[in-house]
1. Going residue by residue through region 21-34, is there one that turns out to be exposed (fewer than 15 other Cβ atoms within 10 Å of the Cβ) and within 27 Å of S163 (Cα to Cα)?
2. Take the conditions surrounded by 15 or more Cβ atoms within 10 Å (Cβ to Cβ), assigned by TED's automatic domain parsing to the domain that holds R10 and modelled with pLDDT under 95 and apply them to T102. Does it pass?
3. So is I29 within 15 Å of N13 (Cβ to Cβ), aliphatic (A, V, I, L, M) and within 17 Å of the chain's Cα centre (by Cα) or not?
4. Going by the structure shown, is G170 among the small types (G, A, S), more than 18 Å from the chain's Cα centre (by Cα) and surrounded by 13 or more Cβ atoms within 10 Å (Cβ to Cβ)?
5. Considering each residue of region 88-112, count those that are assigned to a loop (DSSP other than H, G, I, E, B) and in contact (Cβ under 8 Å) with a residue 24 or more places away in the chain, and give that number.
6. Taking region 83-98, which residues are among the charged types (D, E, K, R) and in contact with a strand residue (DSSP E or B) (Cβ under 6 Å, 6 or more places away or on another chain)?
7. Can you confirm whether region 42-60 contains a residue that is under 27 Å from N134 (Cβ atoms), assigned to a helix (DSSP H, G or I) and either among the small types (G, A, S) or free of Cβ contacts under 8 Å to residues at least 24 places away in the same chain (or both)?
8. Within region 68-82, count every residue that is surrounded by 16 or more Cβ atoms within 10 Å (Cβ to Cβ), basic (K, R) and over 20 Å from the mean Cα position of the chain (by Cα).
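The values are calculated or read from the model by the stated rules, or taken from the named source; none is laboratory data. As the structure is a computational prediction, the values presented were derived from the model and not from experiment. Glycine gets a Cβ as well: all are built from the backbone with ideal geometry, and neighbour counts include every protein chain shown.
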Amino acid sequence: MDANTWVSMREINSERDLIAGENLQITLINTATGEPVETVRFSPTPAVGQYEWTKAFADYINATAVHLRAGVRQTDGTFKTEHSSYLNKIWTDSAPDRVALTTACRFNQWSDLYTVNAVGALPEGTTITCNLLNKSTGDLYQTVQCHVPTERLGRYWWPAYLSETINKRGELLRAGEKDDAQKKFVPIGS
């Protein structure tokens with residue numbers, strides 16, 4: 001790939017350490033069709049410190065991705081990754097019709113999409129399916145299935161369990177109330 005064709009899209013932003021077990025994802029999407037072009041999933045453990053995971057994620061993108069790169073572009077066209085919360089840019093080989101969705105963003109960049117409303121207890125054997133879809137094209141970006149255990153079926157228990165499950169497996173999805181001070185999503189049971 002010609003070094004001059006890479007276009008900067010955004011940054012890998014870090015304003016906190018990662019929670020143990022938290023996974024990162026970046027999905028490159030063709031905006032004309034809504035289809036995913038490439039997805040990179042990363043489990044940074046044990047590099048969970050605020051500046052360690054950004055470099056580890058950027059290194060992983062560069063080692064595994066075809067249409068994405070990360071870091072500071074050098075004059076020779078290579079990318080140097082940094083222990084930084086803003087220097088590691090995300091690059092693509094063709095930007096006019098592409099957008100990058102990533103969980104490596106600032107906390108205030110997470111969009112509110114839906115509210116979980118518990119009007120009552122759930123019946124035994126309930127499975128809740130959450131799909132993240134492109135509103136225009138219907139393209140599916142992610143599915144999370146949550147099998148609610150018997151002891152968590154009560155009206156005030158299952159919403160918190162659903163949120164916990166989404167936060168463990170969600171990749172591009174998170175659930176719960178935003179705690180701006182701690183920069184995390186807090187599952188609540190109501």
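1. Yes, because at least one residue in region 21-34 is exposed (fewer than 15 other Cβ atoms within 10 Å of the Cβ) and within 27 Å of S163 (Cα to Cα).
2. Criteria met by T102.
3. Numbers: within 15 Å of N13 (Cβ to Cβ): no; aliphatic (A, V, I, L, M): yes; within 17 Å of the chain's Cα centre (by Cα): yes.
Judged against the criteria, I29 is not a match.
4. Numbers: among the small types (G, A, S): yes; more than 18 Å from the chain's Cα centre (by Cα): no; surrounded by 13 or more Cβ atoms within 10 Å (Cβ to Cβ): yes.
It is false that G170 is among the small types (G, A, S), more than 18 Å from the chain's Cα centre (by Cα) and surrounded by 13 or more Cβ atoms within 10 Å (Cβ to Cβ).
5. 10
6. Initial filter on region 83-98 (among the charged types (D, E, K, R)): 89, 93, 97-98.
If the condition is that a residue be among the charged types (D, E, K, R) and in contact with a strand residue (DSSP E or B) (Cβ under 6 Å, 6 or more places away or on another chain), then K89, D97, R98 are the ones that fit.
7. Kept after step one, since they are under 27 Å from N134 (Cβ atoms), are these residues of region 42-60: 42-43, 57-58, 60.
The next check asks that each one be assigned to a helix (DSSP H, G or I); those that pass are 57-58, 60.
When the remaining residues are screened for being either among the small types (G, A, S) or free of Cβ contacts under 8 Å to residues at least 24 places away in the same chain (or both), the result is 58, 60.
The answer is yes, given that some residue of region 42-60 is under 27 Å from N134 (Cβ atoms), assigned to a helix (DSSP H, G or I) and either among the small types (G, A, S) or free of Cβ contacts under 8 Å to residues at least 24 places away in the same chain (or both).
8. The qualifying residues number 1.
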